[in-house]
Amino acid sequence: MTSTPYADFHARSLTDRDAFWAEQARRIDWRTPPQRICDASRPPFARWFVGGTTNLCHNAVDRHAAVRPEERALIWVSTEVGEERVYSFAELQAEVEAMAATLAGQGVGVGDRVLIYMPMIPEAAFAMLACARIGAIHSVVFGGFASVSLASRIEDATPKLIVSADAGSRGGKRIAYKPLLDEAIALSAHKPAAVVMVDRGLVPFEPVAGRDLDHAELRRQHWGARVPCAWLESNTPSYTLYTSGTTGRPKGVQRDVGGYAVALATSMDWIFGGKPGETYFSTSDIGWVVGHSYIVYGPLIHGMATLMYEGTPVQPDAAVLWSLVEKYRVTVMFSAPTAVRVLKKHDPTLLKRHDLSSLRALFLAGEPLDEPTASWISEGLGVPIIDNYWQTETGWPLLTVAHHIPGVEAVPTRLGSPGVPMYGYDVKLLDEATGEVLAQPDQKGVLVIEHPLPPGALQTVWGDDARFVSTYWQSVPGRQVYSTFDWAARDADGYTFILGRTDDVINVAGHRLGTREIEECISGHPVVAEVAVVGVADPLKGQVALAFAVPREMPATPEAARALEGQIMKRVDEQLGAVARPSRVLFVSLLPKTRSGKLLRRALQAVAEGRDAGDLTTLDDPGALMQVKTLLQK
Ligand code: ATP
Ligand code: MG
């Protein structure tokens, strides 16, 4: 049998859109089948599976518990507190129902918001699934955020109830959540009626009378309660989640129920190649979109066990992730380049210590995957490394290589590119200034998606349709397209290369350069562990590139630093041309990153131009920016 070229298959997903997604909709259970597959009549909004009623929790938990109750559903490992727990689908359902009864007992119902501010513990997943079960809209806020970031999210989501815990733990250090939460609620104009506290016994706390409730007590009270799934029209909001805030104020992405379930079920099969009964392991956090789509909902909807990990990739040693792959026979794994770069600083033989024969592929997403990092981990593990590009907004991969579509030719991976547009995404490259479609290979432009966005993508910005329209759909002149705000180029075979954020494009004496291209070139230098390039204003050239590099070893003397800088500049001259050469290469021990591990180039750029660094609430370590300031003053 001959197989269909992927490009033809992709084209069909767009030209025969409704039939294509109607087939995929069969992957999930519907209480009432959809009456209409896609209502795209009110651009830029789109409604998927209109009239169909379904429930995310039913699809993730109940339908599996009904047929194979004893099989593993949720595996929780904490190297922070030295504990492991395994929940079967039946056990997971019981926990979720007890949590759902707890929420319902506090008056939480369809459409009410529940904010979840939790460490990586099973109760966080129970709370998400319990909300999905009763139709409450969850808003998970990453546990690493402190009170100011949390307060702004409480104000935006206006939750009726908050679920939290006494503390998290990172690298053995306990982080008390309760004082941060109390402070955030005090700062916020909106006050939740109740706070359900999971007491892990890590840090003592004082409950607020009349507001704080004890989770263990409520769980006992409600244990055994049956809470039916609320059958929700497909377009009912399921959750809101804030973007990482790399480029400015985070946006509250709002997602639906039916489209999301169908999109995840399809991706689990075609993109990730997971099989029901196997174990999926994503190292992300439930506070991020990867945690929503590929720790909680995707694997469970697909009937896989999901491994939830509380801990760092390097404790008790840098082989801990691989020891978990071996122990739980993980078949599909998902992580981020940033985690791999951390491992890269350790002994490479640690990658060989464990039996990784169950593992079929490692997926990486979140930021550009540089070639040295990709090659290092691929050689070390001996499995394919699959880059995938997407956003909080899209909910599932937009660019990658789908290897598991029956009857369709697999697209081979190509180093440096996350891959090709996935089915359902009508992706174009546009000239930012004119809105013209760039159809020739190797032209650079902004990556956009034509209306309608596929199932699973954001419906709107929470509570702010106008912001949804003006932010995402009105940035290219004369065309109503969704902008990713990423800059890209496509080669003759359709592989897309991400060149940086549109804000990061540098204009040096009329030449438009993606900072990403320069970074890719510099990171190929054997001494460079990590690099960030930003454009800074220059009276002569308009802008010049400035590079901040983290060397494997700090140059011992100013002369050594100068010599290394010269070598790096020469490399850029040779590979990209003198226009791309940074005006300076400064060596730092740490780069400013968001809590989700993304480079905060806008902060670097602002500091380099002597401006205020702007909203830094998502910044991980303020020390990184201090270092840069000091260097620039020299
Ligand atoms: P904000 O939108 O608030 O500024 P953010 O864009 O960093 O924050 P996310 O949704 O977490 O928030 O990140 C999506 C972005 O991450 C993409 O738009 C892209 O810039 C980058 N990205 C994700 N995956 C990849 C990848 N595989 N290769 C290159 N870049 C990637
Ligand atoms: Mg973004």
Give me the angle, in degrees from 0 to 90, between the Cα long axis of helix 258-270 and the longest principal axis of the Cα atoms of the chain, rounded to the nearest 10. 60
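Enter the accessible area per residue of the chain (Å², integer; probe 1.4 Å; all protein chains in place).
Details: 23440 Å² over 634 residues.
Roughly 37 Å² per residue, with all protein chains present.
Give the percent of DSSP beta bridges with both residues in the range 505-633 that are antiparallel, rounded to the nearest 5. Intermediate results must be reported in sequence, preceding the final value.
Working: 17 of 21 bridges.
Antiparallel bridges: around 80 percent, rounded to the nearest 5.
How big is Rg to Rh over the chain, alpha-carbon atoms, Rh as the Kirkwood inverse-mean-distance radius? Write down the numbers at each step before the final one.
On the way: Rg = 24.0 Å, Rh = 25.2 Å.
Looking at the chain, the ratio lands at 0.95.
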Counting only DSSP loop positions in the range 193-238, the trypsin sites (Lys or Arg not before Pro) whose Cβ has at most 10 other Cβ atoms within 10 Å are 226
Whole-Hz Karplus ³J(HN,Hα) for the range 585-596, in order, using 6.51 cos²θ - 1.76 cosθ + 1.60 and θ = phi - 60°, x for Gly and Pro? 10, 9, 9, 10, 8, 7, 10, x, 10, 6, 4, 8
Need one number: nm distance between label points at residue 170 and residue 327, each 7 Å from Cα along Cα→Cβ, rounded to one decimal. 2.3
All lysines inside 27 Å of residue 344 as judged from Cα atoms, apart from same-chain residues fewer than 8 positions distant: 173, 327, 352, 570, 593, 598
Please give the length that would be gained between residue 83 and residue 434 if that part of the chain were fully extended, namely 0.36 nm times their separation in residues minus their C-alpha to C-alpha distance (nm, one decimal). 120.7 nm
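State the extension gain, in nm to one decimal, for the chain segment bounded by residue 410 and residue 191, taking 0.36 nm per residue of separation less the distance between their alpha-carbons. Write down the numbers at each step before the final one.
Working: separation 219, 0.36 × 219 = 78.84 nm, distance 5.15 nm.
That works out to 73.7 nm of additional length.
Take the Cβ-Cβ distance between residue 465 and residue 15 as r, set R0 to 25 Å, and report the resulting FRET efficiency rounded to the nearest 0.05. Don't skip to the end; give the middle numbers.
Values: r = 29 Å, r/R0 = 1.16.
After rounding, the FRET efficiency stands at 0.30.
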Candidate aspartates and glutamates - alpha carbon under 18 Å from residue 444, same-chain residues fewer than 8 apart omitted: 426, 431, 432, 436, 486, 491, 493, 503, 504, 517, 519, 520
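Please identify every one of the trypsin sites (Lys or Arg not before Pro) in the range 279-345 that sits in a loop by DSSP and has no more than 12 other beta carbons within 10 Å of its own beta carbon.
Numbers: sites: 327, 329, 341, 344, 345; in loops: 329, 345.
Filter output for the range 279-345: 345.
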If you find the alpha carbon centre of the range 88-149 and of the range 565-631, how far apart are they in angstrom? 38
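Where the accessible area of the range 517-634 is counted over protein heavy atoms with a 1.4 Å probe, how much of it, in %, is carbon and sulfur?
Values: 2960 of 5490 Å².
The nonpolar share, carbon plus sulfur, comes to 54 percent.
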I need the phi-derived Karplus couplings for the range 121-135: 6.51 cos²θ - 1.76 cosθ + 1.60, θ = phi - 60°, integer Hz, Gly and Pro marked x. 10, x, 4, 5, 5, 4, 5, 4, 5, 5, 4, 4, 4, 9, x
Over the range 429-501, what percent of the accessible surface lies on carbon and sulfur atoms, probe 1.4 Å? 48
Roughly speaking, what is the centre-to-centre gap between the range 1-79 and the range 434-492 when only Cα atoms are used, to the nearest Å? 24
Taking a cut-off of 18 Å between Cα atoms, list the lysines near residue 191, but don't count ones fewer than 8 places away on the same chain. 160, 178
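Counting DSSP beta bridges in the chain, what percent are antiparallel, to the nearest 5?
Numbers: 59 of 102 bridges.
Among the beta bridges of the chain, antiparallel pairing accounts for roughly 60 percent.
At 222 nm, what value in deg cm²/dmol follows for the chain if DSSP H runs of at least 4 each add -39500 (n - 2.57) and the sum is divided by all its residues, to the nearest 500?
Values: 18 runs with 184 residues, N = 634.
Result for the chain, helices only: -8500 deg cm²/dmol.
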Given contacts defined as C-alpha pairs under 8 Å and at least six residues apart, what's the relative contact order of the range 110-229, whole-number percent? 25
In nm, to one decimal, how far is the modelled label at residue 575 from the one at residue 40, with both set 7 Å along Cα→Cβ? 3.9
Using 11 Å as the cut-off for backbone N distance, which residues of the range 564-585 belong to the label zone defined by a point 7 Å from the Cα of residue 509 along Cα→Cβ? 578-581
For helix 6-15, what angle does its Cα long axis make with the longest principal axis of the chain, in degrees from 0 to 90 and rounded to 10? 60
Over the range 108-249, what percent of the accessible surface lies on carbon and sulfur atoms, probe 1.4 Å? 56
The chain: angle of helix 558-575 to the longest principal axis, Cα-based, in degrees nearest 10: 90
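Can you give the FRET efficiency for residue 146 and residue 214, using 1/(1 + (r/R0)^6), R0 = 30 Å, r = Cβ-Cβ distance, to the nearest 0.05? Present the calculation step by step, with values, prior to reporting the outcome.
Working: r = 24 Å, r/R0 = 0.81.
With a Förster radius of 30 Å, E is 0.80.
The values are calculated or read from the model by the stated rules, or taken from the named source; none is laboratory data. What you are looking at is a predicted structure, and each value in this text was computed from that prediction instead of being measured. No Cβ is skipped: glycine too gets one built from the backbone with ideal geometry, and neighbour counts run over all protein chains shown. SASA here: full protein model, heavy atoms, side chains in, ligands and nucleic acids out. Shrake-Rupley method; radii C 1.70, N 1.55, O 1.52, S 1.80 Å.
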